[in-house]
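Visitor: Please read through the structure below; I'll follow up with questions.
The values are calculated or read from the model by the stated rules, or taken from the named source; none is laboratory data. As the structure is a computational prediction, the values presented were derived from the model and not from experiment. Every residue, glycine among them, receives a Cβ derived from its backbone with ideal geometry; neighbour counts consider all protein chains shown.
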Amino acid sequence: MKNTKKKINQIIFLLRILLVCLVLLGSTLIANHLYIVEKEKILLNEQIEQQKSEIERLKQEKEEQERLEKQEKEKKYQTCMLSPYQSESLQSEIDALEKEYEGWNLSFYVEDVVNEYTMNKTENTVYFGASVIKLVDVLYLINKAMAGEVDLSTTMTYESKHQYVYSEGMKNHKIGDEVPLKEIMEYAISVSDNTAHMMLLDYIGIENLRKFAESINVKTTISSSDKFGNLRAIDGYNILKEAYRILSLQNEYSYFLEDIMDSDYYNELNFDDVRFLHKYGYASRHYNEIGIYYQNENPYLVSIFTRYAYDDYSKIIGDLSKKIYNIYSKNYEAKKEYCLKEKENGV
């Protein structure tokens, strides 16, 4: 009986040990399983993060590629817009305009700077240039200032010999005043001040001005007896060409020139919201207007000389300016459409 009880106790002890071992083994297995699960979870998270990172990288690469493609397309568009273009209807439009003004006592010369086409009528006919020459005064002095040979802050003494009729700017000064060259230049262009012109001529010297005019292909008859002289529409264009060259430099002198030419004073080229940097000339039967359309990347230069000052010169110049602009605008819009197609096609 004792032996039986002892055997039972041993069996129970062994069972307890076995149970403990099973518990320990189970715990170990569970722990291992949990470890494996956790490790797999970590690996899975790492894979997910790697996938996210890869997706983000691919997204950024795609965005960068799209940005570069967009940039390249925009570059192609801008290059196209800065390259010469002529629509199929352009020449017929120009021919019609030139024919319309046959027999009129006016001349004009127009050039689209970028698109390299011209419109012209009797551009070599000689007219009295009147105040158009004042822009040559200013261009001469700006060139000298850029070369370091003239300081535009230098003053001139306003003398009685300089006085001349139609002086909207200099009327604010009295004889004996010291007036800076820059201010005199502004008066000469913005309000076409005749006294200012006489002062500038005195400072520059008529012969020096003539030589400068020749250097920019301008034929003028200005002299000591005629301080305004004759010009042609082609001369007005060449004056504008030099003005445009200076404007394109985008320096302090460019901004000054743009500011004084951006005037509504007798500006018959302007209409609606279309504006021109300009200079006019008005004397006796002569009314002349030269200007630069400068509102986008495709500027054009227009020079109009007439003998209609006693007639409705304002309407005549205004109508011609609109017709020139309409031809230009049709070509410009056709060009934008063409360049947009090039941009989208990746040509």
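Visitor: Restricting to segment 79-112, what's the tally of residues that are polar (S, T, N, Q) and within 16 Å of N331 (Cα to Cα)?
Guide: Going through segment 79-112, the residues polar (S, T, N, Q) turn out to be 79, 83, 86-87, 89, 91-92, 105, 107.
From what's left, within 16 Å of N331 (Cα to Cα): 83, 86-87, 89, 91-92.
Number of matching residues: 6.
Visitor: Please pick out the residue among K70, K5 that is surrounded by fewer than 10 Cβ atoms within 10 Å (Cβ to Cβ) and not aromatic (F, W, Y).
Guide: Details: K70 fails: surrounded by fewer than 10 Cβ atoms within 10 Å (Cβ to Cβ).
Matching residue, one of K70, K5: K5.
Visitor: A further question on this structure: Could we say that S284 is modelled with pLDDT under 95 and in the same structural domain as P180 (by TED's automatic domain parsing) here? It would help to see each step written out before you state the result.
Guide: Working: modelled with pLDDT under 95: yes; in the same structural domain as P180 (by TED's automatic domain parsing): yes.
Taking the combined requirement at face value, the residue satisfies it.
Visitor: Can you confirm whether K241 is closer than 14 Å to K134 by Cα, at pLDDT 95 or above and not aromatic (F, W, Y)? It would help to see each step written out before you state the result.
Guide: On the way: closer than 14 Å to K134 by Cα: no; at pLDDT 95 or above: yes; not aromatic (F, W, Y): yes.
Against the criterion (closer than 14 Å to K134 by Cα, at pLDDT 95 or above and not aromatic (F, W, Y)), K241 does not qualify.
Visitor: Let me ask something else. Is segment 77-94 home to any residue that is within 18 Å of I304 (Cβ to Cβ) and of a type in the set (A, V, I, L, M)?
Guide: Taking every residue of segment 77-94 in turn, at least one turns out to be within 18 Å of I304 (Cβ to Cβ) and of a type in the set (A, V, I, L, M).
Visitor: Okay, next question. Only one residue in D311, D272 is under 23 Å from the mean Cα position of the chain (by Cα) and without any contact (Cβ under 8 Å) to a residue 12 or more places away in the chain, so which one is that?
Guide: After ruling out the rest, the residue left standing is D272.
Visitor: For segment 75-117, which positions are under 20 Å from K343 (Cβ atoms) and either charged (D, E, K, R) or not in a helix (DSSP H, G or I) (or both)? Walk me through it before giving the result.
Guide: Just the residues of segment 75-117 that are under 20 Å from K343 (Cβ atoms), to begin with: 75-87, 114-115.
Within segment 75-117, K75, K76, L82, S83, P84, Y85, Q86, S87, V114, N115 meet the criteria.
Visitor: Which ones in segment 146-162 are farther than 19 Å from K279 by Cβ, out of contact with any His (no Cβ under 8 Å at 6 or more places or on another chain) and surrounded by 15 or more Cβ atoms within 10 Å (Cβ to Cβ)?
Guide: The first filter runs over segment 146-162 and keeps only residues farther than 19 Å from K279 by Cβ, leaving 146-151, 153-162.
Now narrow it down to the ones that are out of contact with any His (no Cβ under 8 Å at 6 or more places or on another chain): 146-151, 153-157, 159-162.
The answer is M146, V150, M156, H162.
Visitor: Continuing with this model, one more query. Test of understanding: among E342, E289, which residue is surrounded by 14 or more Cβ atoms within 10 Å (Cβ to Cβ) and assigned to a helix (DSSP H, G or I)?
Guide: Details: E289 fails: assigned to a helix (DSSP H, G or I).
So the residue among E342, E289 that is surrounded by 14 or more Cβ atoms within 10 Å (Cβ to Cβ) and assigned to a helix (DSSP H, G or I) is E342.
Visitor: Here's another thing I want to ask about it. Suppose we filter K134, K171, K219, K144 for residues that are of a type in the set (K, R) and under 15 Å from I260 (Cα atoms); which single one remains? First the steps, then the outcome.
Guide: Numbers: K171 fails: under 15 Å from I260 (Cα atoms); K219 fails: under 15 Å from I260 (Cα atoms); K144 fails: under 15 Å from I260 (Cα atoms).
When all the criteria are applied, what remains is K134.
Visitor: Quick check on segment 83-90. Is at least one of its residues at positive phi, buried (at least 17 other Cβ atoms within 10 Å of the Cβ) and not small (G, A, S)? Quick ask: steps written out before the conclusion?
Guide: Narrowing segment 83-90 to residues at positive phi: none.
Among the residues of segment 83-90, not one is at positive phi, buried (at least 17 other Cβ atoms within 10 Å of the Cβ) and not small (G, A, S), which makes the answer no.
Visitor: Checking E100 against (1) outside the structural domain of E214 (by TED's automatic domain parsing); (2) more than 27 Å from the chain's Cα centre (by Cα): exactly one of these is not met. Which one?
Guide: The failed condition is (1).
Visitor: Please go through (1) touching a Lys or Arg at 6+ places or on another chain (Cβ under 9 Å); (2) over 21 Å from Y237 (Cα atoms); (3) buried (at least 16 other Cβ atoms within 10 Å of the Cβ) for S192 and return the number of the only condition it doesn't satisfy.
Guide: Here S192 clears every test but (2).
Let's see how each residue does on (1) surrounded by fewer than 19 Cβ atoms within 10 Å (Cβ to Cβ); (2) touching a strand residue (DSSP E or B) at 6+ places or on another chain (Cβ under 8 Å); (3) aromatic (F, W, Y):
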residue	(1), (2), (3)
A213	no, no, no
V218	no, yes, no
G236	no, yes, no
I239	no, yes, no
Q250	yes, no, no
E258	yes, yes, no
M261	no, yes, no
L269	no, yes, no
